[in-house]
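The structure under discussion appears below in the form of structure tokens.
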Ligand code: ZN
Ligand code: FE
């Protein structure tokens, strides 16, 4: 049996995600934006929380940990580099470590930039990756603690995952991201196709998550900073990709 996923809204624009292993009954929450919607989702599915896998220390990803741990005595797994800034951590992980949720196994990928110790969980056997606030559909996280160079390298690691990997990201920002991306690549056909798809999804209040990384790398300008056409359109032909990425990220900050 394969992994089951339940996605639901939390807070203003966060996604809550439950990952369930039917073979063992284990269930992980990816981040804990707030406790109540996670508990409601667990009840709706009839699942018992065994693990919380934290991507980074921000409050909108960790505020629910204390109440959930009290209710379920679940294990809390968090990035080693941020463990001191996250409450009630049981296990810390870093690049190359493996994390099991029942019989499902994730590889830990360090993706610093948004925060200095941000990590992603890649369940390669299930073709799933939980990327927190590093990559969004047609966007990426703000570079708050790391450098632009670091964030670009982190995005490249995610871009290198197999094309059919389903990416689960932390926020429903896709419509606004598309409005910005069109200023960078107005003629990108993959972007225009994604825009049409997102319009339909949002019209019926459906989430724009997950996305396949193969589709995302054709449409998301933040993953395309090493494309010569993107560099040229910004007047940066021949410039290092990390610099082109930084320019796109700074334009988005001002957008
Ligand atoms: Zn964040
Ligand atoms: Fe966030």
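Return yes when residue 117 is within 16 Å of ligand 1 (Cβ to nearest atom) and either outside any strand (DSSP E or B) or at negative phi (or both) and no when it is not.
yes
When the stretch 8-51 is examined, which residues are found to be over 15 Å from the mean Cα position of the chain (by Cα) and within 16 Å of ligand 2 (Cβ to nearest atom)?
11, 12, 34, 37, 38, listed by residue number.
Kindly indicate whether residue 59 is within 17 Å of the chain's Cα centre (by Cα), without any contact (Cβ under 8 Å) to a residue 12 or more places away in the chain and within 15 Å of ligand 2 (Cβ to nearest atom).
Judged against the criteria, residue 59 is a match.
Go through the stretch 156-167 and count every residue that is touching a strand residue (DSSP E or B) at 6+ places or on another chain (Cβ under 6 Å) and either more than 13 Å from residue 210 (Cβ to Cβ) or part of a helix (DSSP H, G or I) (or both).
2
Spot the failing condition for residue 92; the list is (1) touching a residue at least 12 places away in the same chain (Cβ under 8 Å); (2) more than 18 Å from the chain's Cα centre (by Cα); (3) in a helix (DSSP H, G or I), and only one is missed.
Looking at each condition in turn, residue 92 falls short on (3).
Mind counting the residues in the stretch 11-42 that are in contact (Cβ under 8 Å) with a residue 40 or more places away in the chain and surrounded by fewer than 19 Cβ atoms within 10 Å (Cβ to Cβ)?
Here the count works out to 5.
If only one of 250, 145, 216 is buried (at least 16 other Cβ atoms within 10 Å of the Cβ) and part of a helix (DSSP H, G or I), which one is it?
The match here is 216.
Read the figures in this text as sums done on the coordinates, not as results from a lab. In this text the structure is predicted, and so the values were computed from the model without any measurement. So basically every Cβ, Gly included, is an ideal-geometry build from the backbone, and we count neighbours across all protein chains shown.
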